[in-house]
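This report refers to the structure that appears directly beneath it.
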Amino acid sequence: MQIIDEGVQIKGGRKVPLYDIALNAMFAYVAATMGMCILSKKDLRQLVLYSAAHIDRLEKAGRFPKRVQLGPCRVGWVESEILAWLDERIKERDQHSRS
């Protein structure tokens, strides 16, 4: 990309106002800072430390947050739901240790 005049940039052979580019960047920033993160299966397994098969069993039994279908061959999990699930496990542990 090459900047030419004030307020205009060349992108793919056409002129795009810098305002549009800045607006798109702002939307991406807002979405990223609102806490909506999607975890891949690899990220999920690193966070939860269960095998993929065990995660599938828990999910089917309704004891684990459900996956989100992102595309025909891609799924993910909402990070805040996974963290809330982990927080519940920690609270259960703490309640049992007090008894």
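Taking 30 Å as R0, compute the FRET efficiency from the Cβ-Cβ separation of Arg98 and Leu70 and round it to 0.05.
It comes to 0.15.
What does the charge add up to near Gly76, with Lys and Arg as +1, Asp and Glu as -1, over the other residues with Cβ less than 15 Å from its Cβ?
Charge balance near Gly76 sits at +1.
Once amide H atoms are built 1.01 Å from N in the peptide plane, which residues 5 or more positions from Val75, or in another chain, come under 5 Å H to H?
Counting only residues 5 or more places away or on other chains, the set is Leu70.
Answer with one residue from Leu58, Ile38, Trp85: the one whose Cα lies farthest towards the positive end of the charge dipole of the range 38-98, charges on Cβ with Lys, Arg +1 and Asp, Glu -1.
After comparing all options, I get Leu58.
What is the pair-distance distribution P(r) of the range 38-98, computed from all Cα-Cα distances in 5 Å bins starting at 0, with each bin given as a whole percent?
Values per bin, smallest distances first: 4, 18, 25, 27, 14, 7, 3, 1, 1, 0.
Can you pull the one-decimal nm distance between simple spin-label points at Ile38 and Trp85, each 7 Å off the Cα toward Cβ?
Label-label distance for Ile38 and Trp85, simple model: 1.6 nm.
The numbers here are math on the coordinates, done by the rules we state, and not lab data. Since we're looking at a predicted model, the values are computed, not measured. Heads up, the Cβs are rebuilt from the backbone with ideal geometry, glycines too, and the neighbour counts pull from every protein chain shown.
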